[in-house]
Amino acid sequence: MRVELRGVGVLTIKEKCGRSGRNPRTGEAVAIDPRRVVRFRASELLLARINRPASRPPERPKSNSRQLAFPIGGNQQRGDMRTGPTLPRPARGQRRGGEGAIYEKSE
């Protein structure tokens, strides 16, 4: 049987003979039954379009590895539509949560 897709390629059926093989886990000899497989051969038109050098994608500009994703600075806007609301940060020297550190004695 042969199926031809114009401009794409040809599908054919190939008969494979029965043969002997081995089970890779046990090493035991196994008989492999005869079977049919589908083969595809691309047309010359499809190969020419795939291998055409003009179909290269445009180059992307190189990113700067030293640039931060979120810049650290005082001039950023709070609550930007794209990033969502920003949470308030505690002032320098203040602690979040409890009164003191875990290792301090409480009387």
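Throughout, read-outs are computed from the coordinates displayed, never taken from laboratory work. Not measured: the values here are computed from a predicted model. Note: ideal-geometry Cβ built from the backbone for every residue, glycine included; neighbour counts use all protein chains shown.
Tabulated data for the structure shown
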quantity	calculated
Residue list for segment 7-40, filter: surrounded by 10 or more Cβ atoms within 10 Å (Cβ to Cβ) and among the hydroxyl-bearing types (Ser, Thr, Tyr)	Thr12
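Let's see how each residue does on (1) without any contact (Cβ under 8 Å) to a residue 40 or more places away in the chain; (2) not in a strand (DSSP E or B); (3) not charged (D, E, K, R):
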{"residue": "Gly7", "(1), (2), (3)": "yes, yes, yes"}
{"residue": "Thr12", "(1), (2), (3)": "yes, no, yes"}
{"residue": "Thr26", "(1), (2), (3)": "yes, yes, yes"}
{"residue": "Val30", "(1), (2), (3)": "yes, no, yes"}
{"residue": "Val38", "(1), (2), (3)": "yes, no, yes"}
{"residue": "Arg41", "(1), (2), (3)": "yes, no, no"}
{"residue": "Leu47", "(1), (2), (3)": "yes, yes, yes"}
